[in-house]
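*Asks:* The following block contains the structure, expressed as structure tokens.
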Amino acid sequence: MAAVMEVDTSPQPVSSLPEWQQILKKITMTDTQKSKLNQALSEFIHEGCMQDALYNTLVDNRVYLDFGMMPSSNPASYRTEIKGITFANTESITSASLKEELFHAWQDAYYPGGTSQYGKDTQGNKSPGYANIEFEAKIFKDIIMPLYCCMAFNIGSAPDNIIDDYNIWMRSIQDNPLSLSDSDYQKWLNLFNQYTHVYSSSLSPTLSSPQALRKIISSSDCF
């Protein structure tokens, strides 16, 4: 049986805590799963500057997360109802699984009212803004994964020329994320919403620019 551990989230010097416990509220995992989570988070933090910046942003803003297990078709999921990340199985606890879900955790903390308002209802209907949230997270993931870029359109039906143009644009953003403009972002958001039907929704005008992503970029010393 997985053990449940509660963590004291009262203010304390973060330097006194192991890396993974600095963003931990509660964990329901076996010892083996905890060890894999510790390894996955450490790998995530140390594999790139933007990853480290996201982690530090979570720590600095005292974003504490639940970690647990839940069978799913996705390796990992950020769950707004528990403010935490669940993994489908022990093998899914990897740094790759954390990339998008940790960014979703930051979006939930950053945007007023959280991101549950942009999710799905009990019937699976998507609320306005669902595509906005998903696209911004995928942009973050594409920026930090130069060897495996660019994946935002990889499960959609976009024509090859659009995918090729997105890849060119994303490579330019990787070179200089500070060049990410609202006009370009909105262009690709609309195309993502048009061609990636699994995420398509009414767009939210309050999420028309990648403010959560920009906060990480501007507060980092990566560029």
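*Asks:* Out of (1) within 26 Å of residue 206 (Cβ to Cβ); (2) in contact (Cβ under 8 Å) with a residue 40 or more places away in the chain; (3) under 13 Å from the mean Cα position of the chain (by Cα), what's the single condition that is false for residue 80?
*Replies:* That leaves (2) as the condition not met.
*Asks:* Among the residues of the range 201-221, which ones are open to solvent by 30 Å² or more (accessible area, probe 1.4 Å) and over 16 Å from the mean Cα position of the chain (by Cα)?
*Replies:* Across the range 201-221, the qualifying residues are 202, 203, 205, 206, 208, 218, 219, 221.
*Asks:* Quick check, is residue 22 modelled with pLDDT of 95 or more, assigned to a helix (DSSP H, G or I), touching a helix residue (DSSP H, G or I) at 6+ places or on another chain (Cβ under 7 Å) and at negative phi?
*Replies:* no
*Asks:* Within the range 188-211, count every residue that is assigned to a helix (DSSP H, G or I) and either closer than 22 Å to residue 167 by Cα or at pLDDT below 95 (or both).
*Replies:* Looking only at that region, the number is 9.
*Asks:* What is the residue count in the range 26-48 for residues that are closer than 17 Å to residue 140 by Cβ and open to solvent by less than 60 Å² (accessible area, probe 1.4 Å)?
*Replies:* Residues that pass the stated criteria total 4.
*Asks:* A follow-up question, please. What number of residues within the range 108-135 are in a loop (DSSP other than H, G, I, E, B) and modelled with pLDDT of 95 or more?
*Replies:* Counting residues in the range 108-135 that are in a loop (DSSP other than H, G, I, E, B) and modelled with pLDDT of 95 or more gives 10.
*Asks:* Tally time: how many residues in the range 146-168 are surrounded by 17 or more Cβ atoms within 10 Å (Cβ to Cβ) and under 21 Å from the mean Cα position of the chain (by Cα)?
*Replies:* Counting residues in the range 146-168 that are surrounded by 17 or more Cβ atoms within 10 Å (Cβ to Cβ) and under 21 Å from the mean Cα position of the chain (by Cα) gives 6.
*Asks:* Also, quick follow-up: Anything in the range 93-104 that is in contact (Cβ under 8 Å) with a residue 60 or more places away in the chain and in contact with a strand residue (DSSP E or B) (Cβ under 7 Å, 6 or more places away or on another chain)? List them, or say none.
*Replies:* Within the range 93-104, 93 is the sole residue that qualifies.
The values are calculated or read from the model by the stated rules, or taken from the named source; none is laboratory data. Nothing here was measured: the structure is a model prediction, and the numbers come from that model. A quick note on method: Cβ atoms are made from the backbone with ideal geometry, for glycine too, and the neighbour counts reach across all protein chains shown. Just so you know, the surface numbers come from the protein's heavy atoms only, side chains and all, with ligands and any DNA or RNA stripped out. Shrake-Rupley method; radii C 1.70, N 1.55, O 1.52, S 1.80 Å.
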